[in-house]
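Visitor: Quick one: this structure, given as C-alpha cells, is what I'll be asking you about.
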C-alpha cells in the first residue's frame, strides 16, 4: 500500500500529465459516486475544500444537513490505465465530513473505519480476500446492455469457447497497473460468467479495492463492446454471481483461527467468530443482500447458501472453513 504525501501527489500529477481528478465516495447502498475536477483545483482537493450537495444521494439526504466535505485519502491515489483523448485521469477515494470538519457518521467508509479501529485497539487486524463473479453480456446495435451472449464457455474453459478471455485479461492487467496483487482469473460456471480474484488485504483496503475492481471491470468491458454486471441473478435458470469473502483475524502478526494443539486444528476464537456470524446473519442478510434480485439467487440447487450452517468441505453452507490447522486458516 502506498504512503503518499501531498508533495508526492503534486509530483505525480505533474509527471504523469494528469488533467482530471475524480473524488470518489459511496452512498448507503454501496453505489460508487464521484465528482470530477481538473488538476488546477488540486490545492482545494488536498486542503479538504471540496463541498458537495448530498440532497439527492442515498444516506446523505438528511433534513437538517445536505452539504458535505470530501476529504481524500492520499494513499488511495491512483491513475487510471485507460486514457481519454487528452491527459490522464486520477482518483482519490474520500471520507465524507460534516461542514465543521468532523466525520459524517453515516458515511459507509467511516462506519467500517470505526469497527476496524476498535479491533485494532484490541490488538486485532481483520483481513479479507474477496472472490468476485460477474457476467459479460453482449450489447445491442445501440450499445445498450442485454442479457444475451453468443459464447458457449463453462467452468475453466478456454478460447474460443471462452470468448470473454481477452476482456478478462485486460481487466487483470489494468488492475495490476493500479497496484492490485492479482491471484487468478477464469471462466466460471455459466455461459458468460467470469471470476477474478485478487489478494487479501486489511479490511478498509479491501473495501476500497472492491469498488475500484468493479469500476475497472465495467470500464474495460465497455471498451470491448460488452456489458459487465454484478447483478446477483441476471438470468433465470442459471447460477447467480456471488462474492465470497475469505476472512481471518491476526494478532501480533499471527492468524488466530489456527490452533495446532487442538484436535481439529481450530482455535476457540475461530469458533467464536463463526458463532457471531451465525447469531447475527439474519440482520446481516439485509445488508449483504439489499435488493429483490439478491433473493432470486438464494434458492436451493444453485450452490447458493440457503441454510444457516457451516462446513469444512461442503461448498453450499453459509460458512465454509478452508486450510484448517494451517497458518492460512480462513472462514468463507
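Visitor: Kindly evaluate residue 244 against the criterion of being modelled with pLDDT under 95 and either buried (at least 18 other Cβ atoms within 10 Å of the Cβ) or within 17 Å of the chain's Cα centre (by Cα) (or both).
Guide: yes
Visitor: Here's something else I'd like to know. If a residue must be without any contact (Cβ under 8 Å) to a residue 24 or more places away in the chain and surrounded by 11 or more Cβ atoms within 10 Å (Cβ to Cβ), how many such residues does the range 277-286 contain?
Guide: Residues flagged as without any contact (Cβ under 8 Å) to a residue 24 or more places away in the chain and surrounded by 11 or more Cβ atoms within 10 Å (Cβ to Cβ) within the range 277-286 amount to 3.
The values are calculated or read from the model by the stated rules, or taken from the named source; none is laboratory data. Every value quoted in this text rests on a predicted model; they were computed, and no experiment measured them. Cβ atoms come from the backbone with ideal geometry, glycine included; neighbour counts cover every protein chain shown.
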